[in-house]
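A quick write-up on the structure given underneath.
The values are calculated or read from the model by the stated rules, or taken from the named source; none is laboratory data. Here the structure is a predicted model, which means the values were calculated and not measured. Here the Cβ positions follow ideal geometry from the backbone for every residue, glycine too, while neighbour counts run over all protein chains shown. For the accessible areas, the whole protein counts, side chains as well, though only heavy atoms, and no ligand, DNA or RNA atoms are used. Shrake-Rupley method; radii C 1.70, N 1.55, O 1.52, S 1.80 Å.
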Amino acid sequence: MKTDLDAQLGPLLIQHAPLHVAVVDRDRRILRASTHFEQAFGACVGLRCHVVCKGREERCDPCPAQAVFDTG
């Protein structure tokens with residue numbers, strides 16, 4: 001069972017993780033990113049991961065994010 005503390009800690013852990021972390025949705029839009037990720041790639045929330053990480057409009061093939069959604 002998720003508590004209010006769990007709901008508050010999740011975003012904090014992602015934000016302050018000492019590595020590059022980005023949370024993406026099924027459309028590959030970045031929903032949240034760690035400080036380290038944003039320092040490396042700039043402001044990115046709302047943009048698609050392939051635009052931010054690869055600098056291109058078309059998605060990666062194969063797409064690592066899609067593979068996670070496909071396999072759970």
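Across region 24-72, the number of residues qualifying as of a type in the set (A, V, I, L, M), under 17 Å from Ile14 (Cβ atoms) and assigned to a helix (DSSP H, G or I) comes to 4.
Given the options Arg32, Arg26, Arg56, name the one that is open to solvent by 70 Å² or more (accessible area, probe 1.4 Å) and in contact (Cβ under 8 Å) with a residue 24 or more places away in the chain.
Only one candidate passes the filter, namely Arg26.
Restricting Gly72, Gly46, Gly42, Gly10 to residues that are exposed (fewer than 15 other Cβ atoms within 10 Å of the Cβ), touching a strand residue (DSSP E or B) at 6+ places or on another chain (Cβ under 7 Å) and not hydrophobic (A, V, I, L, M, F, W, C) narrows the list to Gly46. Filtering Val45, Val21 for residues that are of a type in the set (Val, Ile, Thr), touching a Lys or Arg at 6+ places or on another chain (Cβ under 9 Å) and at pLDDT 95 or above leaves a single hit, Val45.
Taken as a whole, the structure places Pro18 among residues that are touching a helix residue (DSSP H, G or I) at 6+ places or on another chain (Cβ under 8 Å) and open to solvent by 80 Å² or more (accessible area, probe 1.4 Å). With respect to Asp4, is the statement that it is free of Cβ contacts under 8 Å to residues at least 12 places away in the same chain, open to solvent by 90 Å² or more (accessible area, probe 1.4 Å) and not hydrophobic (A, V, I, L, M, F, W, C) true? It is true that Asp4 is free of Cβ contacts under 8 Å to residues at least 12 places away in the same chain, open to solvent by 90 Å² or more (accessible area, probe 1.4 Å) and not hydrophobic (A, V, I, L, M, F, W, C).
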